[in-house]
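Heads up, the thing below is written out as structure tokens.
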Amino acid sequence: GQQLNQSPQSMFIQEGEDVSMNCTSSSIFNTWLWYKQDPGEGPVLLIALYKAGELTSNGRLTAQFGITRKDSFLNISASIPSDVGIYFCAGQLNTGNQFYFGTGTSLTVIP
Amino acid sequence: EAQVTQNPRYLITVTGKKLTVTCSQNMNHEYMSWYRQDPGLGLRQIYYSMNVEVTDKGDVPEGYKVSRKEKRNFPLILESPSPNQTSLYFCASRKDRVDTEAFFGQGTRLTVV
């Protein structure tokens with residue numbers, strides 16, 4: 001299977017700070033997704049990206065599809081306590097194929 | 001309410017005792033899949049199904065079986081569980097193989113002793 005590496009593995013930040021995380025792959029992906037997993041729940045889709053260079057926002061979240069198509073980035077602005085959770089990237093090689101998930105970034109927001 | 005329902009949420013069992021984790025979705029989705037989540041490894045796909053009676057192996061299928069006799073249900077079967085199958089399991093569904101948004105169940109935490 002494909003290996004997607006997320007960085008950093010974990011983050012501890014103060015409420016109000018901005019957050020940046022990334023996901024890299026050795027393969028070129030057609031689609032990048034970002035999911036969030038709240039404690040004790042299943043992942044929920046945040047943002048989907050379909051084109052190299054694409055920048056998409058969802059509220060305080062902004063994600064980018066890297067121009068090399070081998071990476072993607074997620075930024076969270078002005079973090080709040082409910083941002084706590086694990087953030088996963090996921091990539092798809094071709095339309096219709098399975099999604100490969102990253103190793104996850106655990107975010108803790110200190111009030 | 002649109003949802004994916006897994007049962008049980010928590011299960012402790014002994015090595016070798018067959019078990020089934022059920023998964024049901026009420027969205028008429030064609031595509032369903034099972035993942036396991038382990039620390040440092042993220043989510044890895046075990047099996048997937050593109051439609052009724054169509055199933056295929058994911059990246060880590062060894063020790064697992066699935067069936068898809070009806071569209072809404074996709075049970076995960078462990079015929080002879082072993083301690084290395086201790087993990088957090090998620091069922092997910094999406095409308096079809098082209099759709100990108102997957103809906104996940106709440107997870108089943110399995111411990112095999």
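Laboratory data are not the source of any read-out in this text; all were calculated from the coordinates shown. Note that the structure is predicted; figures quoted are calculated from it, not measured. Don't worry about glycine lacking a Cβ; one is built from the backbone with ideal geometry, like all the others, and counts go over all protein chains shown.
For the stretch B:4-21, backbone phi angles converted through the Karplus equation (6.51, -1.76, 1.60; θ = phi - 60°) give residue-by-residue couplings of 10, 10, 10, 8, x, 7, 9, 8, 10, 9, 9, 3, x, 8, 3, 9, 10, 9 Hz, Gly and Pro being listed as x. Pairs of lysines in the protein assembly as shown whose Cα atoms sit within less than 24 Å of one another amount to 19, provided the residues are eight or more positions apart or on different chains. Pairs of Cα atoms in chain A fall into 10 Å distance bins, from 0 up to the last occupied one, in shares of 16, 50, 29, 6, 0 percent. Here, the stretch A:53-92 yields an orientationally averaged convex hull projection of 3.2 nm² when only Cα atoms define the hull. How large is log10 of I(q)/I(0) for the protein assembly as shown at q = 0.08, 0.11, 0.13, 0.17 Å⁻¹ when the intensity is taken from the Debye formula with one equal scatterer per alpha-carbon? For the protein assembly as shown, the Cα-only Debye profile gives -0.28, -0.54, -0.75, -1.21. Note: the stretch A:1-66, Cα convex hull, 120 Å³ per residue. Compared with the rule-of-thumb size 2.2 N^0.38 Å for a compact globular protein, chain B has a Cα radius of gyration ratio of 0.99. Taking all Cα pairs closer than 8 Å and separated by 6 or more residues, the relative contact order of the stretch A:15-111 comes to 33 percent. Taking chain A as a Gaussian network, where each spring joins two C-alpha atoms under 10 Å apart, which residue of A:ALA63, A:ALA52, A:ALA78 fluctuates the most? Sorting by GNM fluctuation, first place goes to A:ALA78. Loop-located GluC sites (Glu not before Pro) across the stretch B:24-92 with a Cβ neighbour count of 13 or fewer within 10 Å are B:GLU53, B:GLU62, B:GLU70, B:GLU79, with loop assigned by DSSP.
The calculated Kirkwood hydrodynamic radius for the stretch B:7-55 is 13.1 Å, given to one decimal from all distinct C-alpha pairs. Quarter the surface of the alpha carbon convex hull of the stretch B:63-113 and you get the mean projected area, 4.3 square nanometres.
Measuring r between the beta carbons of A:GLN14 and B:LYS71 and using R0 = 41 Å, the FRET efficiency lands at 0.30.
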